[in-house]
Amino acid sequence: MYKLIIKGAQPLNGSIKIAGSKNSSLPILFASILADSPVTLTNTPHLSDVSTTLRLLMDMGSEFVLESDSSIFIDSSKLTKLTAEYSLVKTMRASILALGPMLAKYGKAKISLPGGCAIGARPVNLHLKALEDLGATIEVKNGYIYAEAEGLIGTEVYFEQVSVTATENIIMAATIAKGTTVISNAAQEPEIVDLVNCLIKMGAKISGAGTAIITIKGVDKLSGVSYAVCPDRIEAGTYLVAAAITGGSITVKNVRHQSMRSIIGKLIETGANIKSTKNSITLNMNGKRPKAVNVKTSAYPNFPTDMQAQFTALNTIADGHSTITETIFENRFMHIPELARMGADLTLEGNTVVCKGVKSLTGANLMATDLRASASLVLAALAAKGTSTIERVYHLDRGYETIEEKLKLLGANIERIQD
Ligand code: UD1
């Protein structure tokens with residue numbers, strides 16, 4: 001097991017390149033199942049969630065080559081096994097994204113139920129109900145989803161709750177269904193637009209991505225393409241918070257600021273000076289202590305739940321009181337007790353944390369619990385006086401490519417060591 005050792009209280013300065021988006025790469029890799037020829041994805045991030053997806057696809061019969069320039073060549077055109085096994089699905093809930101493409105192309109799929117998740121129950125009822133609307137027969141037994149369809153038929157699908165991966169699953173299933181599918185109350189995340197842009201390049205007929213109503217006209221087949229994944233707005237946001245929490249000045253390159261408006265808006269409220277160009281964002285805190293900001297998570301274009309933990313860390317040392325309200329996941333505050341061990345003044349009241357900013361945190365031994373909670377501990381450790389040790393770093397490796405290398409480039413004192 002690896003640990004991170006961080007000596008904090010040093011401003012971060014410099015520039016780094018942001019990787020391709022995790023939450024775009026995963027659905028697009030699963031979309032390769034729909035194509036009748038190989039897909040080449042460029043700008044993919046080096047992450048354990050991407051490796052897990054590739055292992056799962058390989059187990060079902062895909063072949064792939066990882067190129068040294070962050071591209072993946074993948075041929076999933078002829079799956080030989082229509083089962084996603086528990087041993088692979090249990091580590092990554094996004095594996096449910098195999099369901100829509102497999103069912104649409106082969107009329108059959110057996111996928112392990114993703115099971116519990118540290119940040120909340122995260123059921124898949126919305127995915128299953130919408131696939132049933134498209135004509136699938138679904139049975140859940142022995143921990144597996146058994147889905148069958150003699151050909152999916154386009155229809156009206158209404159999601160009673162906004163879900164990113166459920167929207168993606170149904171879009172993918174509908175691309176080669178018979179007739180037209182109209183999804184209402186669709187998620188509007190930029191990663192959905194990215195998936196749809198790739199599917200359109202593959203030959204799909206889709207309109208409305210990025211809005212709450214998406215229309216998909218079924219086509220006979222999709223073909224392989226080469227596609228560049230969009231930048232990771234959550235990785236970019238996390239590094240910008242790292243600069244703000246340490247009073248530093250950094251530039252993140254390979255980003256799209258248009259998809260980060262809610263995050264940038266909150267950073268400006270903290271007193272940060274922000275300048276954006278077509279594909280870079282520079283944040284300068286000028287050595288100042290950030291001002292406390294209230295945060296409430298909600299579906300895109302509102303403030304993302306995947307940035308909540310990082311802004312909680314920022315608020316712990318900010319000037320003033322703040323509230324952080326989580327409306328997407330019911331148990332996404334596991335960083336609170338760990339931050340409190342560093343001297344943060346945080347009180348959890350239902351789904352809201354009340355934070356009284358303290359002048360400084362002190363280093364401590366910390367336990368990473370889930371991906372974004374772990375990121376918040378790294379940020380707090382970068383700001384804290386003294387040394388922090390963060391255990392269970394594998395959570396971070398799911399979503400942050402070479403995090404310690406990028407932070408070192410920005411001047412952080414950080415080491416990864418093996419126990
Ligand atoms: C995706 C992202 C994740 C992000 C989340 C919310 C990927 C791979 N992951 O996760 O990083 O934190 O969106 O922006 O893109 N729900 C149900 N039933 C369902 C599906 C979801 O009740 O069938 C609930 C969830 O428990 C949650 C809410 O809907 O409370 C939103 O979750 P959802 O958008 O589905 O999250 P994911 O797609 O799993």
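The values are calculated or read from the model by the stated rules, or taken from the named source; none is laboratory data. Values in this document were obtained by computation on a predicted structure and should not be read as measured data. All Cβ positions, even for glycine, are placed from backbone atoms using ideal geometry, and neighbour counts span all protein chains on display. In case anyone asks, the SASA skips ligands and DNA or RNA and just uses the protein heavy atoms, side chains included. Shrake-Rupley method; radii C 1.70, N 1.55, O 1.52, S 1.80 Å.
Side notes on the structure shown:
- Theoretical FRET efficiency, 1/(1+(r/R0)^6), r = Cβ-Cβ of residue 278 and residue 110, R0 51 Å, to 0.05: 0.65
- In region 294-419, the DSSP beta bridges split such that about 60 percent are antiparallel, to the nearest 5.
- Diffusion coefficient of region 1-83 by Stokes-Einstein, Kirkwood radius over Cα pairs, 25 °C, 0.890 mPa s: 168 µm²/s.
- Each residue was assigned an accessible area with a 1.4 Å probe, and for residue 329 the value is about 40 Å².
- Furthest towards positive pole of dipole, 287, 153, 45, structure part the chain, Cβ charges: 287
- For region 143-160, Karplus couplings with θ = phi - 60° (6.51, -1.76, 1.60), whole Hz, Gly/Pro x: x, 10, 9, 9, 10, 9, 7, 8, x, 6, 10, x, 7, 7, 10, 10, 8, 6
- For region 331-419, applying the loop criterion from DSSP together with a ceiling of 12 other beta carbons within 10 Å to the trypsin sites (Lys or Arg not before Pro) yields 359.
- Comparing the chain with the 2.2 N^0.38 Å rule of thumb, its C-alpha radius of gyration ratio is 0.98 (two decimals).
- J(HN,Hα) series, region 350-367, from Karplus relation 6.51 cos²θ - 1.76 cosθ + 1.60, nearest Hz, glycine and proline x: x, 9, 10, 9, 9, 10, 9, x, 10, 5, 7, 9, 10, x, 7, 7, 10, 10
- Amide H contacts of residue 9 (H built 1.01 Å from N, in plane; Pro and chain starts excluded): 383, 384 sit under 5 Å, all sequence-distant by 5 or more or on other chains.
- Antiparallel bridge percentage (DSSP; both residues within the chain; nearest 5): 70 percent
- Rounded to 10°, Cα long-axis angle of helix 164-175 versus longest principal axis of the chain: 20 degrees
- Per residue, the chain exposes 39 Å² of solvent-accessible protein surface, assessed with a 1.4 angstrom probe and all protein chains in place.
- In order through region 225-231: 3J(HN,Hα) via Karplus (6.51 cos²θ - 1.76 cosθ + 1.60), integer Hz, x for Gly, Pro: 9, 10, 9, 9, 5, 6, x
- Close amide-amide hydrogen proximity is noted between residue 178 and 152, 153, 154, each under 5 Å apart and 5 or more residues distant or on a separate chain (H modeled in the peptide plane; Pro and chain starts excluded).
- Accessible surface of residue 389 - all protein chains present, 1.4 Å probe, nearest 10 Å²: 20 Å²
- Within the chain, helix-based [θ] at 222 nm, where runs of 4 or more DSSP H residues each add -39,500 (n - 2.57), nearest 500: -9000 deg cm²/dmol
- Size of charge dipole - the chain - debye, nearest 20, with Cβ of Lys, Arg +1 and Asp, Glu -1, no other charges: 980 debye
- Using a Förster distance of 60 Å, the FRET efficiency for residue 359-residue 132 (Cβ separation, nearest 0.05): 0.60
- Residue 403 sits with roughly 10 Å² accessible to a 1.4 Å probe, with DNA, RNA and ligands left out of the calculation.
- Heavy-atom accessible surface of the chain: percent carbon and sulfur, 1.4 Å: 50 percent
- Long-range HN-HN contacts of residue 222 with modeled amide H, under 5 Å: 36
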